[in-house]
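Have a look at the structure below before the remarks.
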Amino acid sequence: MIPETLGSVVLALTTGTIGLLGASAMAGYVGGGGVGDLALTYGYEK
């Protein structure tokens, strides 16, 4: 049963991870911290 559902589980985890990173990037852009804040700070320092 696990081999049959492995593709769906990986797809769900990938989609969730991308959504979480996207939300964190948007939060960092408006001043909420997270990955977006890290990316903007690192980008401005370079």
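The values are calculated or read from the model by the stated rules, or taken from the named source; none is laboratory data. For clarity, every value in this text was computed on a predicted model and none was experimentally measured. Accessible surface is based on the protein model in full, side chains and every heavy atom, while ligands, DNA and RNA are left aside. Shrake-Rupley method; radii C 1.70, N 1.55, O 1.52, S 1.80 Å.
With all protein chains kept in place, the per residue accessible area of the chain amounts to 85 square angstrom at a probe of 1.4 angstrom. Helical content of the chain, expressed as a calculated mean residue ellipticity at 222 nm, amounts to -29000 deg cm²/dmol (DSSP H runs of 4 or more residues, -39,500 (n - 2.57) each, divided by residue number, nearest 500). Apolar share of the accessible surface for the chain: 72 percent from carbon plus sulfur atoms, 1.4 Å probe.
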